[in-house]
Amino acid sequence: MYKIYFAGDLFDQKHITGNILLARQIEELSHETYKCMLPQDWECALHSAIDIRNQDILSIINADLVLFNFDGVDLDSGTVVEFMIAKMLDIPAVLLRTDNRNGGHVFGEDWNLMALGFPRCAILKHPALTMYNSLGLHEMHRTMAQSTINAFKKVAQEKSLLSSHEEILAAHEQVIKLCGSGLKDLISKQLLHEIISTKIEKGLYTKTPTARPSTQFFHPQAES
């Protein structure tokens, strides 16, 4: 079983409903191989902005893979911060865009160029309005979910940039330290060792150094 951190907007009924519908389809179609962790399920139970931030970062650290909803004319700022943390920890990621609009950024990209080019990332583009009109609500989510599962399988097979338990641990400790605000007091070194060891056992971190992999683009229309 792989734990998926599901990052994206969760500020209104549309966001919350869309997140849970897609998460349920990912879990169902993968036969629970991929289990989604949605921040909307715990954030209201926390007492302060820093508590929410720290819990979200800890959930990213604990995640095997990360799914980022990259919708909007400009990306949600919190989602971008979470994306950068995940990349500093070398966690395989899928970037999902369902927005029919072009972001209007230079070079014809859908979002700011500073969020492009990171390794161990798969980019999926599913225009939701077009899919809804042609497939209907249920089949739209099933199609997105299956495409996301396929992307997870591919990106998880890319060899990691970090090549030893010591190097992986050092990267995590550095990120935790630099995030500050009491984060290092919330996760013990023993637990961090266990999380990293489990990911190595799952093959998400490889022990041999490799050349820098390029960002993959997947075309859903070509998938079976």
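Any read-out appearing in this document is the output of simple, stated calculations on the displayed coordinates, not a laboratory observation. It should be emphasised that the depicted structure is a prediction, and the values quoted were computed from it without experimental measurement. Cβ sites come from the backbone with ideal geometry, for glycine too, and all protein chains shown count toward neighbours.
For the reader, a short list of remarks on this structure follows.
- Using R0 = 30 Å, the C-beta based FRET efficiency linking TYR132 and MET88 works out to 0.25.
- Cα-based equivalent ellipsoid, the chain: semi-axes from gyration tensor eigenvalues, Å: 27, 20, 17
- Helices in the chain, meaning DSSP H runs of at least 4 residues, each add -39500 (n - 2.57). Divided by all residues, the mean residue ellipticity at 222 nm is -14500 deg cm²/dmol.
- Axis angle, to the nearest 10 degrees, between helix 13-29 and the longest C-alpha principal axis of the chain: 80 degrees.
- Pairs beyond 31 Å (Cα-Cα), from LYS14/LYS35; LYS14/LYS159; LYS14/LYS184; LYS3/LYS189: LYS14/LYS159; LYS14/LYS184
- Segment 33-94 and segment 137-196: distance between their alpha carbon centers, rounded to Å: 10
- Over segment 116-177, all Cα pairs binned in 10 Å intervals from 0 give whole-percent P(r) values of 19, 30, 26, 16, 9, 0, listed from short to long.
- Averaging the sequence gap over all C-alpha pairs within less than 8 Å and six or more residues apart, then dividing by the number of residues, gives the chain a relative contact order of 21 percent.
- Cα-based helix-to-principal-axis angle, 165-179 vs the chain, degrees rounded to 10: 80
- Loop-located GluC sites (Glu not before Pro) across segment 1-54 with a Cβ neighbour count of 12 or fewer within 10 Å are GLU32, with loop assigned by DSSP.
- Restricting the calculation to alpha carbons of segment 1-98 gives Rg and Dmax of 12.8, 36 angstrom.
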